[in-house]
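Enquirer: Here you go, one structure.
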Amino acid sequence: MKLSPESEAIVKATAGVVAEHAEAITKTFYPDMFAAHPELMRVFNKANQAIGEQPKALAASVVAYAVNLIDPDAPDFTPVLKRIAHKHVSLGIAAQEYTIVGHHLLKAVKTVLGDAVTPEVAAAWDEVYWLFGTALIAEEGKLYALAGTDPAHPWRKYRVVERFEESDDIFSLILAPVSGVVPSHTTGQYVAIAVDLPNGERQPRQYTISSGPRGDSIRVTIKRVHGVDGHPDGQVSTWLHENAKPGTVLDVSQPAGDLVLDDESDGPLVLVSAGIGITPIAAIVEDLSRRAPARTVRIFHADTSHSNHALYAHLRRQVLAMDDAKAQNWYEQDAESAPTLHPARPGFMDLSDIDVPADATVFMCGPLEFMRLTRKVLMAKGIPSENINYEVFGPDLWAQNPDNADA
C-alpha cells in the first residue's frame with residue numbers, strides 16, 4: 001500500500017513535526033477518546049495508560065509506519081504490524097473501533113499542532129492512519145479466521161482446574177475450556193484474561209501460555225504486581241491472586257503472539273529470561289523435551305532469589321530429560337544456598353564468560369533494559385541480530401528500532 005503522491009509530499013514535509021509531538025498527541029488522544037467512549041476502557045490496559053507506556057507505544061508505531069511509507073530505506077514494518085495485530089486479537093479489538101480511534105487521533109493532532117494542521121495536512125495524515133488501520137484490520141481478520149473466532153464474540157469461558165503456588169506472589173493456573181477444546185496454538189504464544197473487578201470495571205491482561213501444547217488445557221503463570229513509585233497494585237493480577245481457585249470460570253481470548261518456536265529448525269537454542277519472563281521459556285523447554293529432546297539448548301535465567309524462581313522444579317525435570325540441555329541461573333540474593341542444576345551465580349546476569357553457539361537462535365524475555373544489555377553481549381559473541389528474538393510484556397517500546405533503542 002502506498003500514499004497518494006499529494007499526501008506523500010505533505011507527510012515528508014511534516015513527519016518531523018509530528019514525530020516531535022507524537023507523544024503529546026497520543027496523551028491528548030486517549031483521554032479525549034475515553035471521555036467520548038468510556039466503553040473502550042474495557043479493552044485498554046489502564047495500568048499501561050497510567051504509567052504512559054501505551055501512549056509512547058502508539059506514538060512510536062504511527063510515526064514508524066509513516067516513515068516506512070515515505071522512506072524506501074526504512075526498516076520493514078511488517079514484523080511490527082504483525083506483532084500489533086496479535087496484541088489486538090488477544091484483546092478482542094473489532095474493525096469498527098478503528099473508526100473511533102481514527103477520529104480522535106486526528107482530532108488530537110489538530111489540538112496539539114494547531115494552525116499548522118491545514119485541511120491538506122489533516123487529509124494526508126488521515127490517509128496514513130487508514131493505510132495503517134486497514135493493514136491491521138486485514139491481518140487481524142486473518143488471525144480471527146484461522147482460530148475460528150467470531151470477532152463479535154472473542155472471549156471463551158475457561159475453568160480453573162488446578163492452581164500451583166510458585167512463590168509468595170507467583171502462581172500458575174491450569175485452565176480448561178468449559179466447552180470444546182483448546183484452540184490450536186504455537187509454543188510461545190499468550191492469551192488475555194478479562195475480569196470484572198469489584199468497582200464495576202472490566203479489564204484484560206495478557207499472560208504467556210507457560211506450558212507446551214496439551215490439547216485439553218493450558219497453563220498460565222501470573223505474578224501479582226505490587227505498585228512502585230506511587231503506582232497502585234495491579235488490579236487484575238491481584239484479583240486473580242485472591243480469587244482464581246479451582247472451579248473459577250474466566251473469560252479467555254484465543255492464543256496469540258508472534259514470538260513462537262520454529263518447528264522446522266533443529267539448530268541450537270539460547271533461552272534468556274529474567275523474573276516472570278521465564279514463562280515463555282518454560283513453554284519452549286517443555287515442548288522440546290517432548291518433541292526434540294536431542295536438541296542443543298542453553299538456558300540462562302536471572303532472578304531475585306531461588307524462592308522467587310517460578311517454575312524451577314518443572315524446568316529442572318525437563319532439562320534433565322534432554323540430551324544436551326544446560327541451565328545457568330543468577331540470583332541477587334542467597335545464590336550460594338540455592339539447590340540449582342549448576343551452582344547459581346550471585347548478582348545480575350553476566351554472559352561475558354559464557355560459551356554460546358554462534359549459530360544459535362535466541363529467545364529473550366524480561367525487562368527492556370535487561371534485554372538490551374543482553375542483546376549487546378550476544379551480538380559481541382558473534383550471534384547475528386536477526387537471530388535474536390524477544391518478547392515484551394506490555395506495550396512494545398522497542399520493536400520499531402531495537403538497533404537504536406539502546407543508543
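Here, each number is a calculation from the coordinates, and none is a lab measurement. None of the values given here were measured: they were computed from a predicted structure. Virtual Cβ from ideal backbone geometry, glycine too; neighbours counted across all protein chains shown.
Enquirer: Size of the dipole of the chain about the Cα centre, Lys and Arg at +1 and Asp and Glu at -1 on the beta carbon, nothing else charged, in debye to 20? Let's see the in-between values first.
Expert: Details: 35 positive and 53 negative charges, 196 e Å.
Charge dipole, the chain, about its Cα centre: 940 debye, nearest 20.
Enquirer: Using the alpha-carbon centroid of each, what span in Å lies between the range 152-211 and the range 56-110?
Expert: Going from one Cα centre to the other spans 27 Å.
Enquirer: Okay, next question. Rank by packing, highest mean first: peptides 92-100, 324-332, with packing defined as the count of other Cβ atoms within 10 Å averaged across residues.
Expert: Numbers: 92-100: 16.1, 324-332: 18.3.
In descending order of packing, they fall as 324-332, 92-100.
Enquirer: Which one, VAL270, PRO119, ALA335, is farthest towards the positive end of the dipole of the chain when Lys and Arg carry +1 and Asp and Glu -1 on their Cβ?
Expert: ALA335
Enquirer: Could you tell me the center-to-center distance, by alpha carbons, between the range 245-318 and the range 16-41 in angstrom?
Expert: Going from one Cα centre to the other spans 36 Å.
Enquirer: List the lysines whose Cα lies under 26 Å from the Cα of LYS2, skipping any in the same chain that are fewer than 8 positions away.
Expert: LYS12, LYS56, LYS82, LYS87, LYS107, LYS110, LYS142
Enquirer: Roughly how many debye, to the nearest 20, is the charge dipole of the range 5-147 about its Cα centre, given +1 on each Lys and Arg Cβ, -1 on each Asp and Glu Cβ, and no other charges? Intermediate values should be presented prior to the final figure.
Expert: Values: 11 positive and 17 negative charges, 125 e Å.
Here the range 5-147 has a charge dipole of around 600 debye.
Enquirer: Also, quick follow-up: As I understand it, the value is the acute angle between the Cα axis of helix 5-20 and the longest principal axis of the Cα atoms of the chain; what does it come to in degrees, rounded to 10?
Expert: Result, in degrees: 60.
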